[in-house]
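Worksheet: the structure to be examined is printed underneath.
The values are calculated or read from the model by the stated rules, or taken from the named source; none is laboratory data. A quick note: this is a predicted structure, and the numbers were derived from the prediction, not measured. Positions of Cβ are backbone-derived with ideal geometry, glycine not excepted, and every protein chain shown enters the neighbour counts. Side chains included, ligands, DNA and RNA excluded: accessible areas come from the protein's heavy atoms. Shrake-Rupley method; radii C 1.70, N 1.55, O 1.52, S 1.80 Å.
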Amino acid sequence: MNTNYHTIIIGGGAAGFFTAINLAERLPEAKIAILERGKDVLQKVRISGGGRCNVTHAEFMPKELSLNYPRGEKELLGPFHSFMTGDTIAWFEERGVSLKIEDDGRMFPTTDSSQTIINCFLELTQKLNIEILTSHNVTSITKEENWAVHTKEEEFICKNLVVTAGSSPKVWEMMRGLGHSIERAVPSLFTFNIVDKRITELAGIALEATVEIPQLKLESQGPLLITHWGLFWSSDFKNERLGRKRIKSIRL
Ligand SMILES: Cc1cc2nc3c(=O)[nH]c(=O)nc-3n(C[C@H](O)[C@H](O)[C@H](O)COP(=O)(O)OP(=O)(O)OC[C@H]3O[C@@H](n4cnc5c(N)ncnc54)[C@H](O)[C@@H]3O)c2cc1C
């Protein structure tokens, strides 16, 4: 049994690291650990923004920024009044990472590499003595006086528990079991796998495109990125028909 943690954070992605670092900076004495089920942390940050990490967007008005979140517009307005784009830029600047604005407003590290963000997070967690425990898949959570967090082999006891496990139906189920209600998830970022060697030569090309899913009679317009394994695009599909459906073909 691992006792006496001030805070356990479930999930070693961007949200988990950001939470852990901010907490440790305010409470240097607190014993904090991040439990990550994978062999490595920050895997999505690595691939984000085509490997460049689109950290934020140069929109400085809370109301305007919230309009970009069709399902979180109301919920995010309050938090945006406490922590906005300017705070994100300052946060990274103060920790040695400069960001730049591109013509379309997207903001990336000046190095054009998501590794810069990963290094910033990893160096800070090390400096702040935050434990990073990889290959620790949380399988259940119980609450008595303190929280008990279980992996297959171990039990962690903590006063505070933060869940930043991304889109994990298993973790949502655990949260439901603890009395939380979970909003039904709908897809907004799409990857489309294409098994065709010709695509590897096009990898890295980003363009504005109209994407049609004939099977579902859906159409969306926006930025599309070609990767070595297929396509990646974000969509403004506002209905839930996609669900977990297997899409057979798309039209560009
Ligand atoms: C291809 C791609 C490109 C993207 N580009 C951008 C971008 O440029 N800018 C941007 O802002 N966003 C981008 N996104 C969205 C991006 O994924 C999110 O902004 C961000 O990574 C979410 O971070 P998170 O910490 O909430 O979740 P995640 O990064 O998903 O982290 C959750 C972590 O929890 C772990 N976990 C889950 N269940 C358990 C468990 N039971 N026990 C222990 N650990 C568990 C997972 O393994 C994972 O490491 C992109 C997404 C994709 C797929």
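Key figures for this structure:
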item	result
Index of the failed condition, Pro28 passing every other in (1) closer than 30 Å to Phe156 by Cα; (2) touching a Ser or Thr at 6+ places or on another chain (Cβ under 9 Å); (3) not acidic (Asp, Glu)	(2)
Failed condition for Ile194, given (1) of a type outside the set (S, T, N, Q); (2) open to solvent by less than 40 Å² (accessible area, probe 1.4 Å); (3) in contact (Cβ under 8 Å) with a residue 24 or more places away in the chain	(2)
Selection count, the range 63-85, where residues are under 27 Å from Thr111 (Cα atoms), free of Cβ contacts under 8 Å to residues at least 24 places away in the same chain and either within 12 Å of the ligand (Cβ to nearest atom) or surrounded by 13 or more Cβ atoms within 10 Å (Cβ to Cβ) (or both)	3
Members of the range 171-187 that are under 17 Å from the mean Cα position of the chain (by Cα) and either at pLDDT 95 or above or within 10 Å of the ligand (Cβ to nearest atom) (or both)	Val171, Trp172
Boolean, Glu153 is more than 12 Å from the ligand (Cβ to nearest atom) and out of contact with any Phe, Trp or Tyr (no Cβ under 9 Å at 6 or more places or on another chain)	yes
Conditions (1) crowded, with 19+ Cβ neighbours inside 10 Å; (2) within 9 Å of the ligand (Cβ to nearest atom); (3) farther than 20 Å from Trp147 by Cα: number failed by Ile34	(3)
Residues that are in a helix (DSSP H, G or I), open to solvent by less than 10 Å² (accessible area, probe 1.4 Å) and not β-branched (Val, Ile, Thr), drawn from the range 1-31	Gly16, Phe17, Ala20, Ala24
